[in-house]
Amino acid sequence: MESVWNEIVGALTNGAPDQLWLALLGLAATGTLIWFLQGRTWAYVYVALIPLLNWSFGKSAAIEINLTEVLGPYLGTATPIVFNPLTIATGMVFVLRDFVQREMGHKVLALMALAIAWSFYYSWPVIAIASATAFAISESVDWLIYTFTKYRLSTRILLSSAAASPIDTTVFLYGADLARQMNLGDPPGTMFNAANFVFFILGKMVGAVVVSAMIRAREKRGEVDPAAA
C-alpha cells in the first residue's frame, strides 16, 4: 500500500512529494473554478487531458516506440524516430473542446488557459511553451471555424479539427523535439520528423471522424440540433 501511495503522490506532485498539499490545493481550486464557470464532465476531462498529454512526451519513455528500423530506411535517416502511443488521444482534445463549448460557451477559452498553466507544472517548460503556442494558434482556428461557420454541428466538428491539427502538430513537435534535445540529449529530429507528423495528424483526425459520424447519426434521428452552438 505504501508503494501505491508513493506512486499516487509522485503523480500528483510530478515527483515532488513535499509539494503535495500545494498541488492538492491547486487542483481543488481548479475544480471549483471550472464548476463556477458552469463546466461539467467534458470540461474536467478537457482540462485534465492537456497536461497529461504534455507530461507524456517528456516522462513516458516506457511507452515510447522506436520506429527507426522500420521507417528509417524509407525516410533516409538513422535518427531515432520516437512515437508516443498517446498521440492517438491528442485527437480528442479538439473534439472535447467542441463539446465543452456546447456545455459552457466561449468560457472554454478560460479552461484552455487553466490546462496550459497546469502543463507548466507537470511537463518540461519548453514543452509547455510549445503546447501553449500551439493551442493559442490552433485552438483559435478551431474556435473560429466552429463558432462562425454555418455548417451543421457534425461538419463543424470535422472541419475545425482538420484545420487546427496540422498547425498544432507542427508547432508542438518542434517544441517537443527541442525539449528532448535539451533534457535528454536526443539528436534533432527525434520527435520532429515526417513519421511523427503523419501519426499525429492521423491520431487527431480519427477521434474527430468518429465523433462527427456519431453526431451526424444523432442529427438525422432528430436527437441533436445541427445548428447548435
>> Looking only at segment 1-42, filter to residues that are loosely packed, with under 12 Cβ neighbours inside 10 Å and under 19 Å from Ala117 (Cα atoms); which one of those is farthest from the chain's Cα centre (by Cα)?
In response: Trp21
> Is it true that some residue in segment 68-79 is surrounded by 17 or more Cβ atoms within 10 Å (Cβ to Cβ) and modelled with pLDDT of 90 or more?
Replying inline: no
> Here is a list of conditions, (1) at pLDDT below 90; (2) of a type in the set (Gly, Ala, Ser); (3) out of contact with any Ser or Thr (no Cβ under 8 Å at 6 or more places or on another chain), and Ala117 meets all of them except one; can you say which number that is?
Replying inline: (1)
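Looking only at segment 44-55, decide whether some residue is in the same structural domain as Val209 (by TED's automatic domain parsing), more than 22 Å from Phe200 (Cβ to Cβ) and modelled with pLDDT of 85 or more.
In the first step, residues of segment 44-55 are kept if they are in the same structural domain as Val209 (by TED's automatic domain parsing); the result is 44-55.
Within this subset, residues satisfying the condition of being more than 22 Å from Phe200 (Cβ to Cβ) are 44.
The next check asks that each one be modelled with pLDDT of 85 or more; those that pass are 44.
Yes.
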>> Yes or no: segment 187-209 includes at least one residue that is in a helix (DSSP H, G or I), over 30 Å from Leu173 (Cβ atoms) and without any contact (Cβ under 8 Å) to a residue 12 or more places away in the chain.
In response: no
> If you go through segment 155-194 one residue at a time, how many are closer than 17 Å to Asn54 by Cβ, modelled with pLDDT under 85 and among the hydroxyl-bearing types (Ser, Thr, Tyr)?
Replying inline: 2
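The values are calculated or read from the model by the stated rules, or taken from the named source; none is laboratory data. These figures come from a predicted structure and were not determined experimentally. Reconstructed Cβ throughout: ideal geometry from the backbone, glycine too, with neighbour counts over all protein chains shown.
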